[in-house]
Amino acid sequence: MLRLRPIALLTALALGPACGHGDAPAAPSSPAPAVASETAWVDWAPESFERAQREDKIILINVIASWCHWCHVMDEETYADPEIATLLREHFVTIRVDSDARPDVAERYRAWGWPATAFLTPDAQPVMALRGFRNPEVFGALLRELVAEREAGTLAERTSPADEARPIEGALGPVLAMVTEQLDGYYQPDIGGWGERQKYPFPAPLEHALVRTRLYDQPQWLDRAALTLRNEQKITDPVWGGVYQYSVRGDWDHPHYEKIVAVQAGAIENYAMMARYSGDDAWLRSARLTAGYMRDMMRAPEGGFYTSQDADLRREGQPVITGAEYYAKPDAERRALGLPRIDTSVYADLNGLMIRALVELYAASGDAEDLADAERAAEHLMRTHLTRGGAFLHGAGDDPEGLLYLRDQAAMGAGLLALYRATGEEHWLRAARRTAEFMRAELQDSEHGGFHAHTADPSAVGVFRERRKPLEENGLAARFMIDLHRYLDGDGRTDTPYREAAERAVAAVGQRETVAEEGRIIGKYALALESVLMPTVDVTVVGEVGDAGTEALHRAALRVPEPRAVVEVSRPGERYPEIGKAAVYLCTASACSTPITDPETLGAKADAFLGESLPAR
């Protein structure tokens with residue numbers, strides 16, 4: 001029996017590819033036909049963990065995604081291997097988790113990419129976690145080694161646990177400088193994007209680049225964002241639209257063909273923002289191509305959006321048609337073969353991202369259809385996912401008494417605020433505030449600051465009793481909180497609990513070690529820091545509801561590329577006087593503009609006023 005030394009074993013394991021955030025080599029050009037896995041999977045449930053302890057079996061947790069190419073390959077080649085299946089059946093409790101369906105588990109293991117494989121002791125203490133695909137030979141050697149260690153009583157964690165994050169001292173400015181430096185270190189100046197081996201269309205770093213052009217007068221970041229988006233167009237499906245998940249081989253020319261909704265939302269938002277920040281509406285074509293894919297292929301009849309579409313076409317009893325072959329075909333030939341599987345789950349976090357993206361597209365385009373689609377999705381989620389306590393379920397059929405997730409609340413809260421910004425309708429603001437109150441009551445760490453990834457889980461065992469405070473999700477939550485504060489703050493003298501919640505959240509997870517561990521996945525956190533530290537520009541559209549002049553000025557205000565802006569609609573006499581026509585007022589902490597009544601000149605006048613009124617940073 002082959003047994004590798006631990007160091008050699010870990011080295012061999014590190015060579016495998018992965019979906020998700022891992023750095024994977026290109027997928028095989030001709031994967032084998034689909035084969036049912038011989039491994040018997042059980043659900044993530046208390047009885048599964050109880051069985052492991054009762055039978056003294058090692059726990060194997062396999063975290064997958066339905067769209068993940070390498071998850072399918074590992075099923076077909078490794079878990080279908082009879083020797084592997086026998087080892088697992090006799091010595092392991094094998095738990096499979098859909099990462100899209102369980103954000104708490106996905107957050108815990110996302111650093112390893114999908115598929116992620118975690119091994120734990122029978123009482124659910126960590127042993128090790130692996131990134132991506134493993135062939136039967138290497139995986140079998142590992143399984144035998146772990147079994148031998150359990151029988152010898154030496155099964156234990158192979159790596160040191162990370163230190164618990166603690167709140168930082170002092171101002172957040174140095175944290176932002178550290179985060180920005182780390183993010184900039186991943187930028188590729190020759191072809192754009194953040195990271196080398198795999199080119200992901202990360203939306204948050206690109207948005208951060210655009211924000212910097214305005215906050216710090218750094219036009220080079222507008223050019224770098226443009227270079228990145230031009231190359232990202234190479235991984236967009238030219239027939240149906242939709243952006244593929246990433247490209248391998250260190251360039252933008254070798255896509256992996258999954259289409260996941262988080263990527264689509266990010267692309268729509270990025271291209272629309274680029275149109276606003278550059279003043280070039282040609283970027284809207286790419287935004288519309290992706291939005292069209294979402295409307296045509298990924299929208300539920302009731303109004304929400306689905307989760308993902310597989311890279312490859314898999315049909316029972318027939319060979320797999322890889323994404324490279326399938327997506328090279330024209331529309332008619334694709335449809336004649338059939339559609340790659342679409343995961344029709346409607347999840348709150350992904351829909352929150354899509355709502356915000358469609359509102360951003362409306363801000364750039366002025367097209368009422370974009371706003372209507374965002375409203376329809378939000379209304380659907382509020383009917384099917386919203387609990388009486390103001391929280392959003394992850395999926396429509398989830399148990400309201402089960403786990404509720406930070407990512408769902410923060411993403412939907414941001415989407416609701418975006419709708420309030422775009423419509424001026426108070427019910428969106430009220431809904432966002434209810435969600436924020438739930439977050440403060442059930443997810444906030446009141447002692448140390450920051451937000452837990454999910455509500456308390458009374459059935460959790462072992463290491464899973466720990467409620468983690470993930471960096472990116474805390475960034476998303478902090479940005480929602482600080483934006484909500486700005487909308488409720490009014491004239492800058494109104495105190496709310498949301499500013500403190502935002503500041504404590506970014507501080508609680510802002511240790512150098514914590515940030516360094518996340519690598520390039522820190523864009524949302526960088527944006528949250530910027531939002532917490534930036535001053536507010538109050539943009540108030542004053543006019544009668546339904547008046548054409550008011551609506552034109554509102555659309556023009558949304559179009560202004562100003563990340564510090566809080567855009568609201570007010571009736572004449574409420575906050576500003578009646579002057580006989582609709583007008584826009586810009587206010588900083590120290591000055592307000594004269595009324596601007598011409599939508600065509602609003603952008604230029606805003607630039608002139610803000611250039612004189614805001615301190616340089």
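The values are calculated or read from the model by the stated rules, or taken from the named source; none is laboratory data. Values in this document were obtained by computation on a predicted structure and should not be read as measured data. Using ideal geometry, Cβ is built from the backbone for each residue, glycine included, and neighbour counts are taken over all protein chains shown.
Structure notes:
- Residues in region 62-81 include at least one that is buried (at least 21 other Cβ atoms within 10 Å of the Cβ), among the aromatic types (Phe, Trp, Tyr), assigned by TED's automatic domain parsing to the domain that holds Ala148 and within 26 Å of the chain's Cα centre (by Cα).
Residues are listed down the side, and each one gets a yes or a no for (1) acidic (Asp, Glu); (2) touching a residue at least 60 places away in the same chain (Cβ under 8 Å); (3) touching a helix residue (DSSP H, G or I) at 6+ places or on another chain (Cβ under 9 Å); (4) not assigned by TED's automatic domain parsing to the domain that holds Asp547:
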| position | (1), (2), (3), (4) |
| --- | --- |
| Gly415 | no, yes, yes, yes |
| Ala422 | no, yes, yes, yes |
| Gly449 | no, yes, yes, yes |
| His452 | no, no, yes, yes |
| Pro458 | no, no, no, yes |
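- Single residue of region 562-607 satisfying the filter (crowded, with 20+ Cβ neighbours inside 10 Å and part of a helix (DSSP H, G or I)) that is modelled with the highest pLDDT: Leu602
- Restricting attention to region 300-354, the residues being of a type in the set (D, E, K, R), touching a residue at least 60 places away in the same chain (Cβ under 8 Å) and assigned to a helix (DSSP H, G or I) number 3.
- Listed conditions (1) within 20 Å of Met294 (Cα to Cα); (2) without any contact (Cβ under 8 Å) to a residue 12 or more places away in the chain; (3) not in a helix (DSSP H, G or I) are all met by Glu369, apart from (3).
- Checking region 468-477 against the condition returns a match, with at least one residue being part of a loop (DSSP other than H, G, I, E, B) and basic (Lys, Arg).
- Filter result for Ala111 (assigned by TED's automatic domain parsing to the domain that holds Glu50, at pLDDT below 95 and surrounded by fewer than 21 Cβ atoms within 10 Å (Cβ to Cβ)): yes
- Index of the failed condition, Ala348 passing every other in (1) out of contact with any strand residue (DSSP E or B) (no Cβ under 8 Å at 6 or more places or on another chain); (2) modelled with pLDDT of 95 or more; (3) not assigned by TED's automatic domain parsing to the domain that holds Tyr246: (1)
- Glu442 assigned to a helix (DSSP H, G or I), over 28 Å from His208 (Cα atoms), modelled with pLDDT of 95 or more and not assigned by TED's automatic domain parsing to the domain that holds Leu120: yes
- Selection from region 496-522 of residues that are part of a helix (DSSP H, G or I), small (Gly, Ala, Ser) and surrounded by fewer than 17 Cβ atoms within 10 Å (Cβ to Cβ): Ala516
- Qualifying residue in region 420-441 (condition: of a type outside the set (A, V, I, L, M, F, W, C), surrounded by fewer than 24 Cβ atoms within 10 Å (Cβ to Cβ) and more than 23 Å from Arg356 (Cβ to Cβ)): no
- For region 506-520, residues that are under 18 Å from Phe480 (Cβ atoms), out of contact with any Lys or Arg (no Cβ under 8 Å at 6 or more places or on another chain) and small (Gly, Ala, Ser) total 2.
- The condition (being closer than 18 Å to Asp100 by Cβ and of a type outside the set (S, T, N, Q)) is satisfied by just one residue among Leu419, Leu404, Leu337: Leu404.
- Some residue of region 82-90 being of a type in the set (Asp, Glu), modelled with pLDDT of 90 or more and farther than 25 Å from Glu157 by Cα: yes
- Residues of region 328-345 that are out of contact with any strand residue (DSSP E or B) (no Cβ under 8 Å at 6 or more places or on another chain) and buried (at least 16 other Cβ atoms within 10 Å of the Cβ): Arg334 alone.
- Asp253 vs. criteria within 24 Å of Ala209 (Cβ to Cβ) and among the acidic types (Asp, Glu): yes
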